[in-house]
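What follows is a short report on a single structure.
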Amino acid sequence: MTEAVIQLKDVSLTLGEGASSVHVLKGISLDVAAGEATGIVGPSGSGKSTLLMVLAGLERVDAGSVRIAGELLNGKSEDQIASFRGRNIGIVFQSFHLIPNMTALENVAVPLELAGAADPFGVAARELAAVGLADRVTHYPGELSGGEQQRVAIARALAPSPRILIADEPTGNLDQATGKQVADLLFAKAVERAMTLVLVTHDPALAARCTRQIAMRSGRIEAGAILARIPA
């Protein structure tokens with residue numbers, strides 16, 4: 001039986017306080033197998049991105065358990081979670097989140113350097129070459145196209161060799177052709193490195209490329225909405 005690398009059990013989360021509080025996640029239970037590609041879909045405000053933040057340890061749950069790569073995140077300190085995330089989880093955001101006054105090489109290398117990795121700049125150069133940016137390593141984000149910036153972000157996410165790759169609307173700020181190229185890269189790298197891929201998207205074509213799709217609405221996984229893709 002394939003190992004579950006992500007295990008959520010009856011997870012609930014409320015954001016805000018008092019009259020402004022919002023019950024964002026309501027009793028979410030979900031297992032994701034190692035190596036699986038899972039697409040999370042649903043209307044705006046359904047809790048998709050918050051669920052990704054819970055998986056990444058960037059949001060703490062109010063109730064339920066979160067077990068990632070065999071480790072229970074509940075009860076860990078912020079430093080422990082940050083260290084765990086740095087070793088196990090790569091994150092790609094819609095808005096790239098690159099540091100504007102650092103080159104592509106530095107954007108990929110500096111997180112590795114801070115984590116104490118061996119040869120961070122050598123690893124960064126190899127990862128940028130792997131995403132087709134060997135000739136852009138000295139360029140700053142403002143000198144790169146949107147697609148190139150997202151490739152730098154993907155290289156940064158891949159550099160620590162994580163078991164899990166999380167992507168929040170990774171093609172949302174890109175035109176259709178560039179978005180397809182970025183999606184092709186994400187899926188190819190996930191397969192090549194045997195990573196588990198979890199992505200949030202509004203794009204039905206992107207979601208359809210996943211092993212399965214999970215539909216969310218109003219903070220819950222819709223009944224019967226964990227849909228397996230039938231291989232062609």
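The values are calculated or read from the model by the stated rules, or taken from the named source; none is laboratory data. The structure presented is a predicted model; accordingly, all values stated were derived computationally and were not measured. Positions of Cβ are backbone-derived with ideal geometry, glycine not excepted, and every protein chain shown enters the neighbour counts. Surface areas here come from the heavy atoms of the whole protein model, side chains and all, with no ligands, DNA or RNA. Shrake-Rupley method; radii C 1.70, N 1.55, O 1.52, S 1.80 Å.
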C-alpha long axis of helix 176-192 to longest principal axis of the chain, angle in °: 80
Kirkwood Rh and Cα Rg combined as Rg over Rh, evaluated for region 1-132: 1.01
Cα-Cα separations in region 158-202 greater than 15 Å, expressed as whole percent: 42
Relative contact order (percent, whole number), the chain, Cα cutoff 8 Å, 6+ residue spacing: 27
Inter-probe distance in nm under a simple model that places probes 7 Å from Cα toward Cβ, at F187 and A205: 1.1
C-alpha long axis of helix 120-130 to longest principal axis of the chain, angle in °: 80
Contour excess over end-to-end distance, with Cα ends at A129 and Q80 and 0.36 nm allotted per residue: 14.5 nm
DSSP-loop trypsin sites (Lys or Arg not before Pro) across region 3-93, with at most 12 other Cβ within 10 angstrom: none
Distribution of pairwise C-alpha distances over the chain, 10 Å bins, in %: 8, 32, 36, 20, 4, 0
Portion, in percent, of the accessible area of region 65-184 that falls on carbon or sulfur, probe 1.4 Å: 51
0 to 90° range, to nearest 10: angle between helix 104-114 axis and the chain longest Cα axis: 60
Cα-projected label distance for A177 with E113, points at 7 Å along beta-carbon direction, nm: 3.7
Evaluated over region 15-67, the Cα radius of gyration and Dmax, each in Å: 12.3, 41
Whole-number D in µm² s⁻¹ for region 62-163, Kirkwood Cα-pair radius fed into Stokes-Einstein, 10 °C, 1.306 mPa s: 110
Label-to-label distance, nm, for residues given as S20 and S161 (7 Å Cα→Cβ offset): 4.5
Residue list for region 96-114, given a label point 7 angstrom along the Cα-to-Cβ vector of T138 and an amide N cut-off under 18 Å: 101-109
Cβ charges +1 (Lys, Arg) and -1 (Asp, Glu), total dipole of the chain, debye: 540
Mean ellipticity per residue at 222 nm, deg cm²/dmol - from DSSP H runs of n ≥ 4 across the chain, formula -39500 (n - 2.57): -10000 deg cm²/dmol
Prolate/oblate/rounded call for region 130-208, Cα gyration tensor, a/c under 1.5 rounded: oblate
